[in-house]
Structures are given as C-alpha cells and as structure tokens.
Amino acid sequence: MIDFIKDLILHFLMMLSLGFMYNFLWMQKRSDYKKQIFKMAILVTLLVTMALPVKFQEGMEFDFKLIPIFIAFFYLGKKDGLLLIAALLLLQSLMDFDRLPVITINYGIIFLLFFALEKTYNKSTVSRKIVLGIFVYSLITPTRLAALIKSGHADAWMYLLVFSLVSFLALSFIIYIMEMTNLQLKLMHDLHKAEKFSAISQLAASVAHEIRNPMTTIRGFMQVLQGDRNLSDDQNLFISISLQELDRTQTIINNFLALAKPNTGSMNPIDLSTILKETTAFMRSYSHLRNTELVEAIDNSLCIKGDAHEIRQVFVNILKNGIEAMPSGGSIYILAKVDKGYVRIQFRDEGIGMTKEQLARLGHPYYSTKEKGTGLGMTISYDIIQRMRGKIKVESEEGKGTIFMILLPCG
Ligand code: ADP
Ligand code: MG
C-alpha cells in the first residue's frame, strides 16, 4: 500500500513536471529548440512510466502512458502524437511483447478519438478542455476494471479508483498550466503589438496631418487645369487619373487619422439591429456589383453601448473584405443574436480564406494582400471593437472562407 502511494505520488509529480517544463520553455524569448526539447521530455516521461509503472499487487500495475500521448497530440500536433504512439508501441514490443496487440488496438482507438475531438478541443475554453481530457481518460477506466476482473483481481478496485482520480487530477493540472502559459503568451504578444502601434501612430498622425494641406492645394489646381479647353485627350486623361489617385491618397490618410485619433468614441445606447440592417442594405448594391449575396438573419432589438458611426464602420469594413474575398461570387451570411449577456454578430463568407500566417497578421496596420488595399480596415475595426469592450474572433480556412465573430456587451 505504502509503495503504491509512493509510486503514485512520484508519477503524479513527474507528469506535472511536463506542464512546468512547457511553461518554462515557451516563456523563453529565444528558444529555437523548445519543441525538440519538449518532445524529448515527453518521450522520457513515457519511457519511465512504462518501465517503472505503479505496482499495487503482485504482478498488477498501472501506468500513465495516456498523459504524454495526450499532451503530444493536443499541444504539439497530430504528427507528434502519432509519432509518440509509434514510440510507445516500439517500447511495448521491447518490454512485454504479449500485450502488444491489445495496446495497439487500444491506442489505435484512442488516436481516432483524439482525431475526432481535435477541432472541438482547440475551440474549447480551459474548463471544457479539462472536462474533455477527463472524459477521454475515463474511457480507459472500464477497460482497466474489466482487465482486473478477468485476471481475478476484482478486489483491487479501490486501487483503480484512487489511481484514476490521481490521473484525472494530474491531467487537469497539466492542461491548466499549459493553457495558462498559452494565454500569457498571447497577452504578451498583444501588448507588444499595441505598444509598438501606439508609438508609431502618434508620430505618423502628425505627418499625415501635414500632408493633407498641400494635397488639397494640389487637388484644387488640378481641377482648375481640367477645366481648360485647350487640353488634348491624353492630358485630360492624365489629369483625371491624377485626381483619382489623389482622392485615394486622401481616403487613406483620412482612414489613418481616424485610427490615430485618441479615444473619441462615445458610449451611447444604440439599436444594433437597425444599424446592422441598414449597413447590410447599404452594402447590397456593392455586393450585387460583384456577384455576391448578403444573407441576413438579424434578431430585433439588439442593444449595445457605443458609437453608431464607429460600429457601422466596422460592419462596412468586414462586409467589404468579405465581398472582395469572393472574386467568383458567393454569399455572406450575417447573423446577430443575444448570447450570454453579449450581442453576437457573425459574418461568414465563402471566399478565398486566409493561411495561418495571414490570419496572424490580420489587424496589423498596413497589412494588405490587395493591390489597392490600405491595410487599415481591420486595424481600425479591431481598435473600435476593443474600445467598446467587445471581442473579435476570426476563423479562416484557405479556399473555404472566413468567419468573423464579434461579441459586444449588451447595453
Ligand atoms: P484591405 O482590405 O485594404 O487590404 P484590411 O485591413 O481590410 O485591408 O484587410 C487586410 C487583409 O486581410 C486583406 O488584404 C486580406 O488579405 C485579408 N482579409 C480580410 N478579410 C478577409 C476575408 N473575409 N477573407 C479573406 N481575406 C481577408
Ligand atoms: Mg478592407
């Protein structure tokens, strides 16, 4: 009994150390090899738990194999998960060849289960991840109980119970530590982005402002020139192109100044349903021009606190991007409803989508993949939503489409 508890505590601590190791490695600024080091650590843990399992009666033992496999699969990736299962089977064949078929079947099933759960898991909140982890783990308990009964050790069910509880606890702790690490990393990244942006934008705003005045003068003189009857067709064309380009520059600068402007957004109660419906109607002619449809399902009387003008700007930016992302036509589905104290607004397009790298850069100032893009639309939108204490989430798949999800506190 004492040995059982001692072994169990040791295993528990060893598993937990994986979580702390993840935290330590991922918090390092320069760590090119963190993934490799972590993989090795997982492998060593797997080896130790298999070679020195928790013994509770003569010839009967439990181990924590599933935890390293779980971590590798969900925190390093499918490929590493599969690799680790291969390592597990190799170790198993070296240690106890007789049980290899059973273990192979078990982990085959587990791999398929992980595979099916992957998307749900990655989208879940921390607490749901823990529940999912425990759920997967608890599926093994009956098979272990069956093995106990079959080998005539049914009276050892207490050991199994304690062991299972400790495993659940270990897995929960590890998931929690790793998720908190990821959250901390994300916050650091956001903060860095915000700081850099604010310093640059303050400087640039003053420059942009200075450019606007001479541009107005140039535009005025060009217009005067355009009125001259002695101009050739070519000259007329050049002037109108120059005027168009000047207007475009002006729009870019105005957009930029709107962005750099310090927090002016008022926080008045506004009727979001009406604004969203109006904006959709407003964008409809642009969407028809580009062979796309806007399909709306907007609940009535959704209220938020914010600035009507600003929130309209966000919707226009997102809709415009969606329409532009569907060069060969398609639909944008607009949904709005109340969800747990928030108004949830969703825009789903069937466009070209984005790669992971593009998605990571979305919202950075001047990031654009379009020839005539400004790369400010999303930056402005993110800024507005943030000031309204809302959240914006983007999911995108290349070739399939993009979903923008906005949550704004009900007002
Ligand atoms: P712009 O539209 O001027 O390029 P934005 O800030 O509005 O600037 O968007 C930045 C970039 O994000 C776009 O150039 C595009 O590559 C990408 N993007 C935005 N929305 C979508 C979408 N719905 N589908 C695919 N890509 C998108
Ligand atoms: Mg845009």
| said: LEU148 - would you say it is over 23 Å from THR45 (Cα atoms) and surrounded by 14 or more Cβ atoms within 10 Å (Cβ to Cβ)? | reply: yes
| said: Of everything in region 354-366, what is out of contact with any Phe, Trp or Tyr (no Cβ under 7 Å at 6 or more places or on another chain) and modelled with pLDDT of 90 or more? Give them in sequence order. | reply: MET354, THR355, LYS356, GLU357, GLN358, LEU359, ALA360, LEU362
| remark: Within region 346-381, residues being more than 11 Å from ligand 2 (Cβ to nearest atom), among the aromatic types (Phe, Trp, Tyr) and closer than 21 Å to PRO327 by Cα number 1
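Every residue, every condition in (1) at pLDDT below 90; (2) touching a His at 6+ places or on another chain (Cβ under 9 Å); (3) aliphatic (A, V, I, L, M), yes or no:
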{"site": "PHE97", "(1), (2), (3)": "yes, no, no"}
{"site": "VAL102", "(1), (2), (3)": "yes, no, yes"}
{"site": "ASN106", "(1), (2), (3)": "yes, no, no"}
{"site": "THR120", "(1), (2), (3)": "no, no, no"}
{"site": "ILE149", "(1), (2), (3)": "yes, no, yes"}
{"site": "GLY152", "(1), (2), (3)": "yes, no, no"}
{"site": "ASP155", "(1), (2), (3)": "yes, no, no"}
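Residues checked against (1) within 26 Å of the chain's Cα centre (by Cα); (2) within 16 Å of ligand 2 (Cβ to nearest atom); (3) within 21 Å of SER266 (Cα to Cα); (4) not polar (S, T, N, Q):
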{"position": "HIS309", "(1), (2), (3), (4)": "no, no, yes, yes"}
{"position": "PHE315", "(1), (2), (3), (4)": "yes, yes, yes, yes"}
{"position": "LEU319", "(1), (2), (3), (4)": "yes, yes, no, yes"}
{"position": "ALA325", "(1), (2), (3), (4)": "yes, yes, no, yes"}
{"position": "GLY329", "(1), (2), (3), (4)": "no, no, no, yes"}
{"position": "ILE334", "(1), (2), (3), (4)": "yes, no, no, yes"}
| said: Tell me which helices (runs of 4 or more DSSP H) are completely within region 1-74 and hold 2 or more residues being farther than 17 Å from ASP96 by Cβ, in contact (Cβ under 8 Å) with a residue 60 or more places away in the chain and of a type in the set (D, E, K, R), or say none if there are none. | reply: none
| Out of the residues in region 315-344 that are of a type in the set (Lys, Arg) and either closer than 14 Å to THR369 by Cα or in contact (Cβ under 8 Å) with a residue 24 or more places away in the chain (or both), which is farthest from ligand 1 (Cβ to nearest atom)? | LYS337
| request: Please enumerate the residues belonging to region 83-99 that are part of a helix (DSSP H, G or I) and among the charged types (D, E, K, R). | output: ASP98, ARG99
| task | Output the number of residues of region 385-404 satisfying the condition of being surrounded by fewer than 15 Cβ atoms within 10 Å (Cβ to Cβ) and within 6 Å of ligand 1 (Cβ to nearest atom). | result | 0
| remark: Here the qualifying pairs (Cβ atoms under 7 Å; residues six or more apart or on different chains; first in region 368-381 and over 13 Å from GLN358 (Cα atoms); second near ligand 2 (Cβ under 10 Å from one of its atoms) and assigned to a loop (DSSP other than H, G, I, E, B)) come out as THR374/SER368
| request: Answer with yes or no whether ASP80 is part of a helix (DSSP H, G or I), charged (D, E, K, R) and surrounded by 15 or more Cβ atoms within 10 Å (Cβ to Cβ). | output: yes
| note | The correct count of residues that are in contact with a strand residue (DSSP E or B) (Cβ under 9 Å, 6 or more places away or on another chain) and either more than 19 Å from ARG389 (Cβ to Cβ) or surrounded by fewer than 20 Cβ atoms within 10 Å (Cβ to Cβ) (or both) in region 305-339 is 19
| task | Select from region 345-384 the residues that are more than 30 Å from SER301 (Cα to Cα), near ligand 1 (Cβ under 9 Å from one of its atoms) and in a helix (DSSP H, G or I) and list them in ascending order. | result | GLN358, LEU359, ARG361
| message | Within region 175-193, does at least one residue satisfy the condition of being at pLDDT below 90, more than 21 Å from PHE4 (Cα to Cα), surrounded by 13 or more Cβ atoms within 10 Å (Cβ to Cβ) and touching a His at 6+ places or on another chain (Cβ under 8 Å)? | response | yes
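The values are calculated or read from the model by the stated rules, or taken from the named source; none is laboratory data. Everything numeric in this text was worked out from a predicted model, so none of it was measured. Note that we place each Cβ from the backbone using ideal geometry, even for glycine, and neighbour counts take in every protein chain shown.
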